[in-house]
Amino acid sequence: MESGNHYAIARRRMVTEQLRARGISDERVLKAFLAVPRHRFVDAAVGGRAYDDCSFPIGYDQTISQPYTIAFMVASLDVNPLNRVLEIGTGSGYQTAILSLLARDVFSIERLAPLLKKAEGVLGGIRTGSIRVKVADGALGWASYAPFDRIIVSAAMPERPLKLLEQLADGGRLIAPISESAECIILFARQGEIVTERRLARCSFVPLLKGEG
Ligand code: SAH
């Protein structure tokens with residue numbers, strides 16, 4: 001058996017060696033990664049390796065993303081404590097928990113009901129901020145709670161997320177892996193009717209599932 005203390009040490013190492021050392025410097029983001037027990041979001045058999053520098057399968061051909069990938073995207077999104085954040089692809093719920101410690105409210109959409117059920121169970125057992133979830137096709141966004149200050153997509157979208165950009169508030173930011181040509185993490189920023197986009201990094205994500213599943 002590995003003790004809670006063992007996990008806390010692994011978590012601190014993850015933050016120092018995988019995040020801070022690679023340029024993640026936002027102290028609020030680093031603090032959130034220190035607080036969220038990543039080992040709860042992976043298969044029990046993974047145990048202490050949950051803090052390793054990699055992704056893990058979570059079932060249904062999906063994965064919990066590598067810590068650095070999540071930190072890079074969340075830091076680039078620049079989430080502040082007043083923000084309402086929409087997340088597409090709850091998956092394990094790990095990134096949802098991180099976001100909830102940084103934002104005012106998190107709205108998270110997952111396409112696969114069994115994954116969401118599991119994530120809800122884990123999230124219910126730890127300290128998080130305000131989180132609301134639903135099973136749906138995230139590409140359509142969540143119109144009844146729009147607009148959102150920040151939107152983050154955790155699965156590769158085939159093209160620019162037009163529907164989601166419609167639900168982005170003025171001054172808002174959206175980050176998504178887009179597989180249009182080569183797969184790239186793209187940061188969209190909205191000022192009035194103008195949307196600018198910036199390619200941040202090459203990447204590799206599981207593909208977004210189509211609406212019908
Ligand atoms: N950040 C999550 C990543 C999970 S992988 C984590 O670290 O655990 C991407 C997730 O997006 C998967 O759970 C997948 O089921 C979900 N997904 C794929 N297509 C989707 C869609 N159209 N709408 C909502 N979620 C989707």
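In region 114-131, is there at least one residue being assigned to a strand (DSSP E or B), within 10 Å of the ligand (Cβ to nearest atom) and more than 22 Å from Arg20 (Cβ to Cβ)? So far as region 114-131 goes, no, none of its residues is assigned to a strand (DSSP E or B), within 10 Å of the ligand (Cβ to nearest atom) and more than 22 Å from Arg20 (Cβ to Cβ).
Tell me yes or no: at least one residue of region 45-64 is among the hydrophobic types (A, V, I, L, M, F, W, C), within 13 Å of the chain's Cα centre (by Cα) and within 11 Å of the ligand (Cβ to nearest atom). Steps first, please.
The first filter runs over region 45-64 and keeps only residues among the hydrophobic types (A, V, I, L, M, F, W, C), leaving 45-46, 50, 54, 56, 58, 64.
From the residues that got through so far, the ones that are within 13 Å of the chain's Cα centre (by Cα) too are 64.
Within this subset, residues satisfying the condition of being within 11 Å of the ligand (Cβ to nearest atom) are 64.
Checked against the condition, which is being among the hydrophobic types (A, V, I, L, M, F, W, C), within 13 Å of the chain's Cα centre (by Cα) and within 11 Å of the ligand (Cβ to nearest atom), region 45-64 yields at least one hit.
When residues of region 168-202 are filtered for being within 16 Å of the ligand (Cβ to nearest atom) and either in contact with a helix residue (DSSP H, G or I) (Cβ under 7 Å, 6 or more places away or on another chain) or without any contact (Cβ under 8 Å) to a residue 24 or more places away in the chain (or both), how many remain? Of the residues in region 168-202, 4 are within 16 Å of the ligand (Cβ to nearest atom) and either in contact with a helix residue (DSSP H, G or I) (Cβ under 7 Å, 6 or more places away or on another chain) or without any contact (Cβ under 8 Å) to a residue 24 or more places away in the chain (or both). So for region 56-66 (the condition being closer than 20 Å to Arg150 by Cβ and of a type in the set (Gly, Ala, Ser)), does at least one residue qualify? The answer is yes; a qualifying residue exists. The set of residues from region 36-68 being surrounded by 15 or more Cβ atoms within 10 Å (Cβ to Cβ) and in a helix (DSSP H, G or I) comprises Arg38, His39, Arg40, Phe41, Val46, Gly47, Ala50, Tyr51, Pro67, Tyr68. For region 20-27, the count of residues that are surrounded by fewer than 16 Cβ atoms within 10 Å (Cβ to Cβ), more than 10 Å from the ligand (Cβ to nearest atom), among the basic types (Lys, Arg) and closer than 30 Å to Ala189 by Cα is at least one.
The rows are residues; the columns are (1) in a helix (DSSP H, G or I); (2) within 23 Å of Met157 (Cα to Cα); (3) near the ligand (Cβ under 10 Å from one of its atoms).
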{"residue": "Ile9", "(1), (2), (3)": "yes, no, no"}
{"residue": "Leu34", "(1), (2), (3)": "yes, no, no"}
{"residue": "Leu99", "(1), (2), (3)": "yes, yes, yes"}
{"residue": "Ser108", "(1), (2), (3)": "no, yes, yes"}
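From the list Arg202, Arg198, the one residue that fits, being surrounded by fewer than 16 Cβ atoms within 10 Å (Cβ to Cβ), modelled with pLDDT under 95 and among the basic types (Lys, Arg), is Arg202.
The values are calculated or read from the model by the stated rules, or taken from the named source; none is laboratory data. In this text the structure is predicted, and so the values were computed from the model without any measurement. Note: ideal-geometry Cβ built from the backbone for every residue, glycine included; neighbour counts use all protein chains shown.
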